[in-house]
1. Taking the chain as the reference, fit the longest principal axis to its C-alpha atoms, fit the long axis of helix 89-106 to the helix C-alpha atoms, and give the angle between the two in degrees, 0 to 90, nearest 10.
2. Out of Ile201, Ala6, Ala51, whose Cα points farthest toward the positive end of the dipole of the chain (charges: +1 Lys, Arg; -1 Asp, Glu; placed on Cβ)?
3. At Met111 and Lys266, where each label point lies 7 Å from the Cα along Cα→Cβ, what is the point-to-point distance in nanometres?
4. Using a ≥ b ≥ c from the Cα gyration tensor of segment 1-103 (square roots of the eigenvalues), is it rounded, prolate or oblate, where a/c under 1.5 gives rounded and otherwise the larger of a/b and b/c decides, a/b for prolate?
5. Tell me which residues come under 5 Å, amide H to amide H, from Gln284 once H is placed; ignore anything under 5 positions away on its chain.
6. If you place +1 on the Cβ of every Lys and Arg, -1 on the Cβ of every Asp and Glu, and leave all else neutral, what size is the dipole of segment 303-406 about its Cα centre, to the nearest 20 Debye?
7. Just to be sure I understand: with springs between alpha-carbon atoms less than 10 Å apart, which residue in Ala136, Ala372, Ala399 has the highest mean-square fluctuation in the Gaussian network model of the chain?
8. Enumerate the amide H contacts of Trp334 below 5 Å, restricted to partners 5 or more residues apart or on another chain; note that Pro and chain-start residues carry no placed amide H.
Amino acid sequence: MQYSLAALLRNALSGNTHWSPAWRDPQPKPSYDTIIIGGGGHGLATAYFLAKEHGITDVAVLEKAYIGSGNVGRNTTIIRSNYLLPGNTPFYEWSLKLWEGLEQDINFNAMVSQRGVLNLFHSDGQRDAFARRGNAMRLNGVDAELLGPNEVRRLHPLLDLDNPRFPVKGGLLQRRGGTVRHDAVAWGYARAADRRGVDIIQNCEVTGLRIESGRIIGVETTRGTIHAKRIGLAVAGNSSRLAAMAGMRLPIESHVLQAFVSEGVKPLIDQVVTFGAAHFYISQSDKGGLVFGGDIDGYNSYAQRGSLPIVEDVMSCALALFPSLGRLRYLRQWGGIMDMSMDGSPIIDRTPIEGLYLNAGWCYGGFKATPASGWCFAHTIATGQPHAFNAAYRLDRFASGHVIDEGGKGAVPNLH
Ligand SMILES: Cc1cc2nc3c(=O)[nH]c(=O)nc-3n(C[C@H](O)[C@H](O)[C@H](O)COP(=O)(O)OP(=O)(O)OC[C@H]3O[C@@H](n4cnc5c(N)ncnc54)[C@H](O)[C@@H]3O)c2cc1C
């Protein structure tokens, strides 16, 4: 069913009883051309682009729980392309361009909102670093504006610019950045892939990988063995577990990242604002709740819940920036499992096992990458070669030393 104003009116007038399910609920077939493991944003986008761009429709997405149960439905919805390094810039800018056309492309309202992302700075040295980043972005055709304190004050009157410890000296603004409703992205890609013939199989956990003579031939699942010539791993925080089934040890640690939502209030904060003196970011959802988050919990875990010290840290950052938020109650908090790579950048590549492909290492920032990640992973699986956009995201870069470390922070996951 094509979603349109006419369809909306027709269904409204007939009691909303004729909507068809957004995607089918098929039984797994004994074999497929390609299997994607993980029904998060990246896995679903990959399946969609395999069908759309490469005509490969004999595809199954295997998801151990339900669509949207992983990080794609747990993140703080921020999209941006404000990167500095050549390995990252073309990829993330391509992703932002795909976000800009997403809703027309998949015929689904994902509430793409280019409200702007403002990174605050608090010292002269930080201003220089942000000016350099902004200049690099502009040289690469990406929008960026360096704002002084008065311009920031006009945009965000509730900000405490004169905080004695962290005075706000300005900010780097990317106006094309913003937010997208996260679970709508999962549902939209699931529906669009299904419409092109992809089988989306929920409640189907992969428990083993079948490899013969160095080649992948299928998977063991809680719903039986399924064969395939090509298999893509897109399981985010569970990447190391799945790779271990193929005897691989990845340069990835799994950590918890928490998010928080306050009670709903009238419009207060128009953009996404990030603190430059600690890891903290905030925006306001369309329902009115403030959505905010901070650092990872800092210990390895597969639990989708976090610890209280980070709650305290995030709240103190919120109050340092916006003291008036002290009168607000926060409603909910949750955690997701982050696949933290050792240079803070992702991996989209072949593996040493023929036919087995890897999409992992998304750290804090994989949601904004979802469209380009799916697009590039589909290209890599379909052609056996990376696209120019993901050419730098090689698995062997950690052995060869060609790491892509945006912040120059080294192999310390909680600094990325
Ligand atoms: C609190 C929080 C805030 C975040 N904020 C942002 C943000 O503002 N902007 C941004 O860009 N990024 C953000 N991220 C990161 C982003 O959400 C992730 O990098 C991205 O969603 C990961 O890709 P995915 O959507 O495919 O992952 P997921 O949705 O986690 O998909 C992976 C899927 O694999 C499935 N799976 C795992 N093991 C198996 C198995 N054995 N068999 C079958 N299926 C399996 C899981 O159930 C899961 O559904 C945030 C993350 C969190 C947790």
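1. 70
2. Sorting the options by dipole projection puts first Ala6.
3. The answer from the label model is 2.1 nm.
4. Numbers: a/c = 1.95, a/b = 1.29, b/c = 1.51.
Oblate.
5. Hits under the 5 Å cutoff: Val291.
6. Working: 8 positive and 9 negative charges, 102 e Å.
For segment 303-406, the charge dipole is close to 480 debye.
7. Ala399
8. When sequence neighbours closer than 5 places are left aside, the close amide H contacts are Ala259.
Read the figures in this text as sums done on the coordinates, not as results from a lab. Keep in mind the model is a prediction, meaning the values are calculated, not measured. All Cβ positions, even for glycine, are placed from backbone atoms using ideal geometry, and neighbour counts span all protein chains on display.
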